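S.K.: Okay, here's the structure, questions in a sec.
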Protein chains: 2
Amino acid sequence: MTGQLAIVGLGPGDPRCLTPQAAATLANASDLVGYAPYLARVPGRPNQRRHSSDNRAERERAHHAAALAASGRCVAVVSSGDAGVFAMASAVFEAIETGEPAWRALDIEVVPGISAMFAASARIGAPLGHDFCALSLSDNLKPWAVVTERLTAAASAGFVIALYNPRSRARPWQLGTAFDLLRPILPATTPVAFATAVTCPEERIDITTLGEADPELADMRTLVLIGSATTRRIDRQGMRPWLYTPRGESAS
Amino acid sequence: MTGQLAIVGLGPGDPRCLTPQAAATLANASDLVGYAPYLARVPGRPNQRRHSSDNRAERERAHHAAALAASGRCVAVVSSGDAGVFAMASAVFEAIETGEPAWRALDIEVVPGISAMFAASARIGAPLGHDFCALSLSDNLKPWAVVTERLTAAASAGFVIALYNPRSRARPWQLGTAFDLLRPILPATTPVAFATAVTCPEERIDITTLGEADPELADMRTLVLIGSATTRRIDRQGMRPWLYTPRGESAS
């Protein structure tokens with residue numbers, strides 16, 4: 001196998017968050033594979049082929065990328081944020097496991113990126129300052145009962161919660177139901193942040209509380225952060241408050 | 001307030017993982033503040049002051065950084081990995097909240113970095129491919145009972161688990177106890193990875209199972225990843241296996 005297969009995290013959007021390792025891998029690729037809006041973020045190179053696909057076609061895209069690499073190409077599959085977080089890396093390894101046996105001998109590299117969760121946290125303060133979890137609210141790939149079990153477990157045990165895929169046109173009710181599920185578990189004053197299109201020109205950050213959190217503030221580009229009982233809010237005159245979660249905790 | 005205060009994530013160690021935003025912030029700082037081995041990773045600049053401190057002096061370091069910024073300096077506090085993940089950002093905001101009221105008007109920026117967790121995940125495959133949590137195993141800042149409650153909750157609910165601070169000379173027993181706690185909850189075949197000094201020349205990755213996991217494989221520079229019941233292992237001839245967690249899950 002002479003081909004190479006890289007899965008590259010582009011970071012949250014701001015080019016200043018793209019690592020030199022990711023930039024070099026993208027520049028060296030003969031073929032770029034990915035969801036069209038993510039490919040559009042990669043500067044063009046002469047003689048580089050682009051293979052764009054729909055957002056939902058992850059399985060087909062992963063197989064296509066592996067097959068291209070097996071044919072000797074130098075392939076980079078692009079993901080937003082970090083490639084290993086609700087993104088393409090898992091789909092590619094699933095293709096490797098279930099596809100041609102020879103694909104296991106491919107030269108594969110995962111190039112990490114700045115995840116949406118950490119970019120959002122940085123803009124908000126340090127809300128992930130102690131133990132935290134990341135949970136996809138989409139029930140496209142797992143039953144809703146699994147989502148509610150994990151939400152309940154995480155909030156009850158005191159994890160800060162980062163919600164990926166909180167809301168889309170096809171999934172309008174899940175976020176409101178999630179807030180309703182958490183309200184008997186966490187204080188109404190628990191800080192909640194909606195971080196939309198983080199680090200992009202259209203970035204929007206809304207800081208509120210679990211008691212007042214309005215699901216309408218979220219769309220497909222939003223990450224929702226839900227504090228733990230110890231998460232603090234620092235108010236500032238004329239500026240957005242900071243949220244942070246102290247590292248230390250006493251017994252509950 | 002004319003001073004500036006940045007909290008900068010340096011990434012896991014490989015300079016190719018340092019973002020351009022972080023590099024620019026470090027280059028522009030008049031003062032660098034941090035734990036000495038992290039400061040040693042930042043290239044020197046003329047007329048730039050360095051203030052190094054012991055690893056445990058986080059509170060004093062954060063107050064010192066805020067006071068320097070309030071005096072008009074352009075301060076960068078450095079952390080390894082991402083500054084918001086078991087690192088300095090939370091300590092700095094705690095200093096802002098509890099320190100001089102005027103500090104709230106400081107120009108503060110958190111610059112995200114590639115966390116150890118995502119760098120480790122990338123080297124191993126895509127073990128964090130579905131819902132996951134990050135948990136510090138140190139009981140210096142929280143009671144051990146909180147750690148065990150969270151471990152139990154996370155494993156029982158099917159989260160993949162990233163363990164920060166799994167082991168040190170002063171905390172030799174916690175990781176073994178954590179494995180013992182998880183063994184009745186997860187299958188003995190559950191994949192476990194020890195990722196030490198990730199992306200550094202002395203990097204070491206050990207792939208094993210929960211049934212056979214040996215705490216002696218961990219030290220202060222190790223991140224331990226514990227799969228969920230769905231995490232898969234892809235064996236390869238003559239090479240380290242890949243681990244990944246499929247995105248999709250059926251009902252349990």
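S.K.: Taking the residues in region B:133-164 that are in contact (Cβ under 8 Å) with a residue 60 or more places away in the chain and aromatic (Phe, Trp, Tyr) as candidates, determine which candidate is farthest from residue B:230 (Cα to Cα).
M.R.: So the residue we want is B:164.
S.K.: Quick check: is even one residue across region A:163-170 modelled with pLDDT of 95 or more, more than 23 Å from residue A:85 (Cβ to Cβ) and away from every other protein chain (no Cβ under 12 Å)?
M.R.: no
S.K.: If you don't mind, another one. Under the condition of being within 16 Å of the chain's Cα centre (by Cα) and under 27 Å from residue A:55 (Cα atoms), which residue from region A:156-187 is surrounded by the fewest Cβ atoms within 10 Å (Cβ to Cβ)? If you could, list the steps in order and put the result at the bottom.
M.R.: Initially, region A:156-187 is screened for residues within 16 Å of the chain's Cα centre (by Cα), giving A:160-168.
After this cut, where a residue has to be under 27 Å from residue A:55 (Cα atoms) as well, the list is A:161-168.
On the way: A:161: 25, A:162: 28, A:163: 27, A:164: 20, A:165: 21, A:166: 25, A:167: 25, A:168: 17.
Result: A:168.
S.K.: Return only the number of the condition from (1) at pLDDT 95 or above; (2) within 20 Å of the chain's Cα centre (by Cα); (3) more than 14 Å from chain B (Cβ to nearest Cβ) that residue A:220 does not satisfy.
M.R.: In the conditions (1) at pLDDT 95 or above; (2) within 20 Å of the chain's Cα centre (by Cα); (3) more than 14 Å from chain B (Cβ to nearest Cβ), residue A:220 misses (1) alone.
S.K.: Next question, about the same structure. Suppose we filter A:33, A:85, A:75 for residues that are under 22 Å from residue A:223 (Cβ atoms), at pLDDT 95 or above and buried (at least 20 other Cβ atoms within 10 Å of the Cβ); which single one remains?
M.R.: Numbers: A:33 fails: under 22 Å from residue A:223 (Cβ atoms); A:75 fails: under 22 Å from residue A:223 (Cβ atoms).
Being under 22 Å from residue A:223 (Cβ atoms), at pLDDT 95 or above and buried (at least 20 other Cβ atoms within 10 Å of the Cβ) holds for just one of A:33, A:85, A:75, which is A:85.
S.K.: What about residue A:62, is it surrounded by 16 or more Cβ atoms within 10 Å (Cβ to Cβ), under 22 Å from residue B:121 (Cβ atoms) and either out of contact with any helix residue (DSSP H, G or I) (no Cβ under 7 Å at 6 or more places or on another chain) or among the β-branched types (Val, Ile, Thr) (or both)?
M.R.: Values: surrounded by 16 or more Cβ atoms within 10 Å (Cβ to Cβ): yes; under 22 Å from residue B:121 (Cβ atoms): yes; either out of contact with any helix residue (DSSP H, G or I) (no Cβ under 7 Å at 6 or more places or on another chain) or among the β-branched types (Val, Ile, Thr) (or both): no.
Answer is no for this residue.
S.K.: Assess whether residue A:195 counts as being closer than 13 Å to residue A:127 by Cα and surrounded by fewer than 19 Cβ atoms within 10 Å (Cβ to Cβ).
M.R.: Values: closer than 13 Å to residue A:127 by Cα: yes; surrounded by fewer than 19 Cβ atoms within 10 Å (Cβ to Cβ): no.
Taking the combined requirement at face value, the residue does not satisfy it.
S.K.: Can you pull out every residue in region A:197-235 that is closer than 23 Å to residue A:157 by Cα, in contact with a Ser or Thr (Cβ under 6 Å, 6 or more places away or on another chain) and of a type in the set (A, V, I, L, M, F, W, C)?
M.R.: A:210
S.K.: From (1) out of contact with any strand residue (DSSP E or B) (no Cβ under 9 Å at 6 or more places or on another chain); (2) assigned to a strand (DSSP E or B), pick out the condition that doesn't hold for residue A:225.
M.R.: The number of the failed condition is (1).
S.K.: Determine whether residue B:158 is touching a strand residue (DSSP E or B) at 6+ places or on another chain (Cβ under 8 Å), under 26 Å from residue B:232 (Cβ atoms) and within 7 Å of chain A (Cβ to nearest Cβ).
M.R.: No; evaluated as a whole, the condition is false for this residue.
S.K.: Can you tell me which residue in region A:119-155 is farthest from residue B:96 (Cα to Cα), limited to those that are more than 15 Å from the chain's Cα centre (by Cα) and among the hydroxyl-bearing types (Ser, Thr, Tyr)? Before the answer, list the steps.
M.R.: Residues of region A:119-155 more than 15 Å from the chain's Cα centre (by Cα): A:123-127, A:129-131, A:139-155.
This time we only want the ones that are among the hydroxyl-bearing types (Ser, Thr, Tyr), so: A:148, A:152.
Working: A:148: 36, A:152: 32 Å.
Only one residue fits best here, namely A:148.
S.K.: Okay, moving on. For region A:207-246, which positions are hydroxyl-bearing (Ser, Thr, Tyr) and crowded, with 19+ Cβ neighbours inside 10 Å? Let's see the steps before the verdict.
M.R.: From region A:207-246, those hydroxyl-bearing (Ser, Thr, Tyr) are A:208-209, A:222, A:228, A:230-231, A:244-245; that's our starting set.
Of everything in region A:207-246, those that are hydroxyl-bearing (Ser, Thr, Tyr) and crowded, with 19+ Cβ neighbours inside 10 Å turn out to be A:222, A:228, A:230, A:231, A:244, A:245.
S.K.: Could you look through region B:89-110, keep only residues that are more than 7 Å from chain A (Cβ to nearest Cβ) and without any contact (Cβ under 8 Å) to a residue 24 or more places away in the chain, and pick out the one that is surrounded by the most Cβ atoms within 10 Å (Cβ to Cβ)?
M.R.: Per the criteria, the residue is B:98.
S.K.: Kindly establish whether residue B:249 is within 13 Å of chain A (Cβ to nearest Cβ) and surrounded by 17 or more Cβ atoms within 10 Å (Cβ to Cβ).
M.R.: Numbers: within 13 Å of chain A (Cβ to nearest Cβ): yes; surrounded by 17 or more Cβ atoms within 10 Å (Cβ to Cβ): yes.
Taking the combined requirement at face value, the residue satisfies it.
S.K.: Go through region A:178-235 and give me each residue that's among the hydroxyl-bearing types (Ser, Thr, Tyr) and free of Cβ contacts under 8 Å to residues at least 60 places away in the same chain. Give the derivation first.
M.R.: Pass one, region A:178-235, residues among the hydroxyl-bearing types (Ser, Thr, Tyr): A:189-190, A:196, A:199, A:208-209, A:222, A:228, A:230-231.
Matches in region A:178-235: A:189, A:190, A:196, A:208, A:209, A:222.
S.K.: Could you please let me know if residue A:118 is closer than 30 Å to residue A:193 by Cα, among the aromatic types (Phe, Trp, Tyr) and without any contact (Cβ under 8 Å) to a residue 40 or more places away in the chain?
M.R.: Working: closer than 30 Å to residue A:193 by Cα: yes; among the aromatic types (Phe, Trp, Tyr): yes; without any contact (Cβ under 8 Å) to a residue 40 or more places away in the chain: yes.
Criteria met by residue A:118.
S.K.: Oh, and also: Against the conditions (1) within 14 Å of chain B (Cβ to nearest Cβ); (2) hydroxyl-bearing (Ser, Thr, Tyr); (3) assigned to a loop (DSSP other than H, G, I, E, B), where does residue A:152 fall short? Just the number, please.
M.R.: Every listed condition holds for residue A:152 apart from (3).
S.K.: Can you pull out the residues in region A:111-129 that are under 14 Å from residue A:12 (Cα atoms), crowded, with 23+ Cβ neighbours inside 10 Å and more than 7 Å from chain B (Cβ to nearest Cβ)? Step through it out loud before you land on a result.
M.R.: Applying the first criterion (under 14 Å from residue A:12 (Cα atoms)) to region A:111-129 yields A:112-123.
With the extra rule that they be crowded, with 23+ Cβ neighbours inside 10 Å, the set shrinks to A:112-122.
Within region A:111-129, A:113, A:116, A:117, A:120 meet the criteria.
S.K.: Quick one: how many residues across region B:223-232 are more than 9 Å from chain A (Cβ to nearest Cβ) and either touching a Lys or Arg at 6+ places or on another chain (Cβ under 8 Å) or not β-branched (Val, Ile, Thr) (or both)? Steps first, please.
M.R.: Narrowing region B:223-232 to residues more than 9 Å from chain A (Cβ to nearest Cβ): B:223-231.
Cutting the leftovers down to either touching a Lys or Arg at 6+ places or on another chain (Cβ under 8 Å) or not β-branched (Val, Ile, Thr) (or both) gives us B:223, B:225, B:227-229.
Here the count works out to 5.
S.K.: Now a separate question. Quick check on residue A:44: is it over 24 Å from the mean Cα position of the chain (by Cα), surrounded by fewer than 23 Cβ atoms within 10 Å (Cβ to Cβ) and farther than 26 Å from residue B:124 by Cβ?
M.R.: Values: over 24 Å from the mean Cα position of the chain (by Cα): yes; surrounded by fewer than 23 Cβ atoms within 10 Å (Cβ to Cβ): yes; farther than 26 Å from residue B:124 by Cβ: yes.
It is true that residue A:44 is over 24 Å from the mean Cα position of the chain (by Cα), surrounded by fewer than 23 Cβ atoms within 10 Å (Cβ to Cβ) and farther than 26 Å from residue B:124 by Cβ.
S.K.: Moving to a separate point now. Looking only at region A:88-107, how many residues end up being over 21 Å from the mean Cα position of the chain (by Cα) and within 23 Å of residue A:221 (Cα to Cα)? First the steps, then the outcome.
M.R.: Looking only at region A:88-107, we keep the residues that are over 21 Å from the mean Cα position of the chain (by Cα), and these are A:96-107.
Filter once more, so that each one left must be within 23 Å of residue A:221 (Cα to Cα): none.
Looking only at that region, the number is 0.
S.K.: Any residue at all in region A:2-16 that's farther than 27 Å from residue B:111 by Cα, within 14 Å of chain B (Cβ to nearest Cβ) and of a type in the set (A, V, I, L, M)? Break it down into steps so the answer makes sense when it comes.
M.R.: Taking region A:2-16 first, the residues farther than 27 Å from residue B:111 by Cα are A:2-5.
Filter again for within 14 Å of chain B (Cβ to nearest Cβ), leaving A:5.
Narrowing further to those that are of a type in the set (A, V, I, L, M): A:5.
So far as region A:2-16 goes, yes, one or more of its residues are farther than 27 Å from residue B:111 by Cα, within 14 Å of chain B (Cβ to nearest Cβ) and of a type in the set (A, V, I, L, M).
S.K.: Another question, if that's okay. Please tell me if residue B:198 is touching a Pro at 6+ places or on another chain (Cβ under 9 Å) and more than 10 Å from every other protein chain (Cβ to nearest Cβ). It would help to see each step written out before you state the result.
M.R.: Numbers: touching a Pro at 6+ places or on another chain (Cβ under 9 Å): yes; more than 10 Å from every other protein chain (Cβ to nearest Cβ): no.
So residue B:198 fails the test.
The values are calculated or read from the model by the stated rules, or taken from the named source; none is laboratory data. Being a predicted model, the structure only gives us computed values, none of them experimental. Positions of Cβ are generated from backbone atoms using ideal geometry, with glycine treated the same way; all protein chains shown enter the neighbour counts.
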